[in-house]
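Novice: Mind looking over this structure? Questions follow.
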Amino acid sequence: MSLRRVRQYCAGGPGSGPAMRTFRYERAESVSGAVALLAEAPQGAFLGGGTNLVDLMKLDVARPDLLVDVRRLVSDRIEELPDGGVRIGAGTSNSECAADPLVRQRYPMVSQALLSGASGQLRNLATTAGNLLQRTRCPYFQNVTTACNKREPGTGCSAIEGHHRDLAVLGTSPECVATHPSDLAVALAALDATVRTDGPGGERVVPMTELHRLPGPEPQRDTVLQHGELITAIDLPPLPFAARSHFRKVRDRASYAFALVAVAAALDLADGVVRDVRIALGGVAHKPWRAYRAEELLRGGPADEELFRQAAEAEFADARPLTGNAFKVPLARNTMVATLLDLAGGPR
Ligand SMILES: Cc1cc2nc3c(=O)[nH]c(=O)nc-3n(C[C@H](O)[C@H](O)[C@H](O)COP(=O)(O)OP(=O)(O)OC[C@H]3O[C@@H](n4cnc5c(N)ncnc54)[C@H](O)[C@@H]3O)c2cc1C
Ligand code: SF4
């Protein structure tokens, strides 16, 4: 039997007056039960820590008629895998994950990414899965009185002609220029992590680099997940050189602020030569942006500032900034170079 309650909340944008919306709250006792509950509720949603979803409900941006609480259902454990990788249960809190000794030693950029986000109280509540599926912070998405293709397809994009200082410069579409806000997702994309899910179509494994989408003509879809597909765990592959990794975030305030630009990088050096490298960028696109072009240029080359700069230039060659966010292109390039120099042990 599941616990069943009915909740009501006030919602309404400025000027629209409050509307009372009713929704059902369920706490399923099994993964299959949770999946079955959402399969029957096209407007339902899973609930993790609620730190993003409940905020969006208060703003009337999200209007689920059913919340299936999965926080205690999916694993909250972090364990070593037989191949030397690490599995993070989807219900692990952001605080626990950041503090975990395995994560800190083998993948420091994951811990650093988490600690650079939100606040201590929020990280205690927020789950790994919920963090990855948090929605964009575009101000128009969060304001129901404005046009927004992501919130209401076909209404237009207020940001392109409006306030877009914080928004994307890579992989945008005429329909949407939003950025993905999760710092954790950036570190996981750099590591080639995989996302384990269970849903109406059964279990599957999604590469982290393919979980989030570019906006294209359908910006309302953030990810490739289907309705009712539950994230159960994240697997970090064995990557010894990730012990030499770093997450660097540039933002307007030292804490409690989303990334203007972020870089997650791991560097494998031998005799001053880049043997291998992983780089992903945050704050620049609708998804964590894996810098494949830069990585390709760096492999086999000298670990010096000149090559790092060439790689950063190459990665942003196709950037299409708007007037208000053109500053992000040099900022991101410089942040990438600085992060690589730090990992290489200073300027050369
Ligand atoms: C003031 C403030 C500042 C913040 N700053 C940052 C920051 O700098 N960097 C950063 O990265 N984040 C930041 N955050 C966001 C915060 O990290 C997220 O709100 C949080 O990680 C979401 O996790 P949650 O468990 O509360 O998700 P919820 O709000 O519960 O859910 C979020 C989404 O995930 C879905 N979901 C939850 N669990 C599952 C599951 N197991 N399977 C499938 N779907 C699921 C929900 O249906 C919902 O769509 C900030 C938040 C606030 C309020
Ligand atoms: S950038 Fe995307 S989220 Fe923001 S207003 Fe445009 S369509 Fe909406």
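The values are calculated or read from the model by the stated rules, or taken from the named source; none is laboratory data. All of these numbers come straight from a predicted model, not from anything done at the bench. Positions of Cβ are generated from backbone atoms using ideal geometry, with glycine treated the same way; all protein chains shown enter the neighbour counts. Keep in mind that these areas ignore ligands, DNA and RNA; they rest on the heavy atoms of the full protein, side chains included. Shrake-Rupley method; radii C 1.70, N 1.55, O 1.52, S 1.80 Å.
Novice: What's the total number of residues in segment 160-174 that are buried (at least 20 other Cβ atoms within 10 Å of the Cβ) and free of Cβ contacts under 8 Å to residues at least 60 places away in the same chain?
Specialist: Selection size over segment 160-174: 0.
Novice: Taking segment 216-240 on its own, how many of its residues are surrounded by 23 or more Cβ atoms within 10 Å (Cβ to Cβ), closer than 19 Å to Arg290 by Cβ and out of contact with any Gly (no Cβ under 8 Å at 6 or more places or on another chain)?
Specialist: 1
Novice: Mind listing just one residue for me: the one in segment 81-118 that is of a type in the set (Asp, Glu) and buried (at least 18 other Cβ atoms within 10 Å of the Cβ) and, of those, farthest from the chain's Cα centre (by Cα)?
Specialist: Top of the filtered list is Asp100.
Novice: Can you find even one residue in segment 51-71 that is buried (at least 21 other Cβ atoms within 10 Å of the Cβ), among the hydroxyl-bearing types (Ser, Thr, Tyr) and in contact with a helix residue (DSSP H, G or I) (Cβ under 9 Å, 6 or more places away or on another chain)?
Specialist: No, segment 51-71 has no match at all.
Novice: Now for a separate question. Among the residues that make up segment 277-285, is at least one of them β-branched (Val, Ile, Thr), more than 16 Å from ligand 2 (Cβ to nearest atom) and over 16 Å from the mean Cα position of the chain (by Cα)?
Specialist: yes
Novice: Checking the condition within 12 Å of ligand 2 (Cβ to nearest atom), touching a Ser or Thr at 6+ places or on another chain (Cβ under 7 Å) and either among the polar types (S, T, N, Q) or at pLDDT below 95 (or both), which residue from Thr197, Thr232, Thr179 passes?
Specialist: So the residue among Thr197, Thr232, Thr179 that is within 12 Å of ligand 2 (Cβ to nearest atom), touching a Ser or Thr at 6+ places or on another chain (Cβ under 7 Å) and either among the polar types (S, T, N, Q) or at pLDDT below 95 (or both) is Thr179.
Novice: Now a separate question. Give just the number: which of (1) in contact (Cβ under 8 Å) with a residue 40 or more places away in the chain; (2) out of contact with any His (no Cβ under 6 Å at 6 or more places or on another chain); (3) open to solvent by less than 40 Å² (accessible area, probe 1.4 Å) does His180 not satisfy?
Specialist: With (1) in contact (Cβ under 8 Å) with a residue 40 or more places away in the chain; (2) out of contact with any His (no Cβ under 6 Å at 6 or more places or on another chain); (3) open to solvent by less than 40 Å² (accessible area, probe 1.4 Å) applied to His180, the lone miss is (2).
Novice: Okay, moving on. Among the helices (runs of 4 or more DSSP H) contained in segment 113-162, which hold 3 or more residues that are within 17 Å of Ala90 (Cα to Cα) and within 16 Å of ligand 1 (Cβ to nearest atom)?
Specialist: Once the helices (runs of 4 or more DSSP H) in segment 113-162 are filtered for at least 3 residues that are within 17 Å of Ala90 (Cα to Cα) and within 16 Å of ligand 1 (Cβ to nearest atom), what remains is 120-125, 128-132.
Novice: Go through (1) touching a His at 6+ places or on another chain (Cβ under 8 Å); (2) over 27 Å from Arg137 (Cβ atoms); (3) of a type in the set (Lys, Arg) one by one and return the number of the condition Lys287 breaks.
Specialist: (2)
Novice: Of all residues in segment 45-80 being more than 19 Å from the chain's Cα centre (by Cα), more than 16 Å from Glu29 (Cα to Cα) and not aliphatic (A, V, I, L, M), which is farthest from ligand 1 (Cβ to nearest atom)?
Specialist: Glu80
Novice: Would you say Ala62 is of a type in the set (A, V, I, L, M, F, W, C) and over 24 Å from Arg106 (Cα atoms)?
Specialist: Yes: the conditions hold for Ala62.
Novice: Additional query: Condition check: free of Cβ contacts under 8 Å to residues at least 24 places away in the same chain and either closer than 17 Å to Ala190 by Cβ or surrounded by fewer than 16 Cβ atoms within 10 Å (Cβ to Cβ) (or both). Does Leu297 satisfy that?
Specialist: yes
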